[in-house]
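Everything below concerns the one structure shown next.
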Amino acid sequence: MDNTLTTAHINLSQILKAREDRAEKQKSLLGQFQGSLICFTVNMPGSLKRSIVSKTIFLEGLRTIIKTNEELGVVPLYQETKNLISGPEAYIVVPKEALALKKSLTLIENSHHLGRLFDIDVMAQDGTPISRRDIGQAPRKCLICDQSAHNCARSQSHPLSDLMLKIDEIMDTFRTLPERPFI
């Protein structure tokens, strides 16, 4: 991943283009390799997707995903990171069944101190995304309230300033953890 960091605000058309590009990349990787695909990004509200905060969250999440795969004895077939204006992204193809992989990675999202800020998607070899529901997990909750994160984001239930304050609180607590364990 590029170690330089420039910040820039992103507009809706750039966000939509990044999603389209990500979908194309996912399709291409699943066509090239026999395995399940992990696509990792950061849940960062607002128009500033690439910052010191998002980079810190991303690097910690990537470190934890790699460590979890190592503990499971899973050796990646392919791994790539990108530092885009839409935020950092990682693509990892592994020879592991997608449902089992999603269960392992959802544990990270549920237990790591920064896990709520991780967006770890898993796709099966045929391109089917594996959802939290597919493994018996409830949808993610909003950072601020107990409602669905998806619904709050769609309806813009909370001011961006409140969401960013919550992320700052999460980061401040994370920085004070003695060994920064992920469980």
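The values are calculated or read from the model by the stated rules, or taken from the named source; none is laboratory data. From a predicted model like this one, the values you see are computed outputs, not experimental measurements. Note that each Cβ is placed from the backbone with ideal geometry, even for glycine, and that neighbours are counted across all protein chains shown. Just so you know, the surface numbers come from the protein's heavy atoms only, side chains and all, with ligands and any DNA or RNA stripped out. Shrake-Rupley method; radii C 1.70, N 1.55, O 1.52, S 1.80 Å.
Worth a mention:
- Flag if Arg154 is part of a helix (DSSP H, G or I) and modelled with pLDDT under 90: yes
- Considering the conditions (1) surrounded by fewer than 16 Cβ atoms within 10 Å (Cβ to Cβ); (2) touching a helix residue (DSSP H, G or I) at 6+ places or on another chain (Cβ under 9 Å); (3) in contact (Cβ under 8 Å) with a residue 60 or more places away in the chain, Gln34 is excluded by exactly one of them, (2).
- Test: residue in region 128-138 that is within 24 Å of Asp21 (Cα to Cα), assigned to a helix (DSSP H, G or I) and free of Cβ contacts under 8 Å to residues at least 40 places away in the same chain: no
- Within region 123-152, being open to solvent by less than 70 Å² (accessible area, probe 1.4 Å) and under 16 Å from Gly46 (Cα atoms) holds for Cys142, Leu143, Ala149, Cys152.
- Residues of region 83-95 satisfying the condition of being in a loop (DSSP other than H, G, I, E, B), surrounded by fewer than 19 Cβ atoms within 10 Å (Cβ to Cβ) and at pLDDT below 95: Ile85
- Single residue of region 67-82 satisfying the filter (out of contact with any strand residue (DSSP E or B) (no Cβ under 6 Å at 6 or more places or on another chain) and over 22 Å from Asn43 (Cβ atoms)) that is surrounded by the fewest Cβ atoms within 10 Å (Cβ to Cβ): Gly73
- Meets criteria (open to solvent by less than 10 Å² (accessible area, probe 1.4 Å) and touching a helix residue (DSSP H, G or I) at 6+ places or on another chain (Cβ under 6 Å)) for Phe118: yes
- Yes/no for Glu80 being outside any strand (DSSP E or B) and either closer than 22 Å to Ala18 by Cβ or modelled with pLDDT of 95 or more (or both): no
- Residue under evaluation Ser54, criteria (1) open to solvent by less than 10 Å² (accessible area, probe 1.4 Å); (2) small (Gly, Ala, Ser); (3) outside any helix (DSSP H, G or I), criterion not met: (3)
- Where a residue in region 41-57 is at negative phi and touching a residue at least 24 places away in the same chain (Cβ under 8 Å) and its partner, wherever it lies, is open to solvent by less than 20 Å² (accessible area, probe 1.4 Å) and among the polar types (S, T, N, Q), with Cβ under 7 Å and at least six apart: Val42/Ser54; Met44/Ser54
- Assessment of region 96-111 against the conditions (open to solvent by 40 Å² or more (accessible area, probe 1.4 Å), closer than 21 Å to Val53 by Cα and within 13 Å of the chain's Cα centre (by Cα)) yields at least one matching residue.
- Scanning region 70-84 turns up at least one residue that is under 30 Å from His158 (Cα atoms), touching a residue at least 12 places away in the same chain (Cβ under 8 Å) and not charged (D, E, K, R).
- Qualifying residue in region 59-66 (condition: open to solvent by 10 Å² or more (accessible area, probe 1.4 Å), free of Cβ contacts under 8 Å to residues at least 12 places away in the same chain and more than 14 Å from the chain's Cα centre (by Cα)): no
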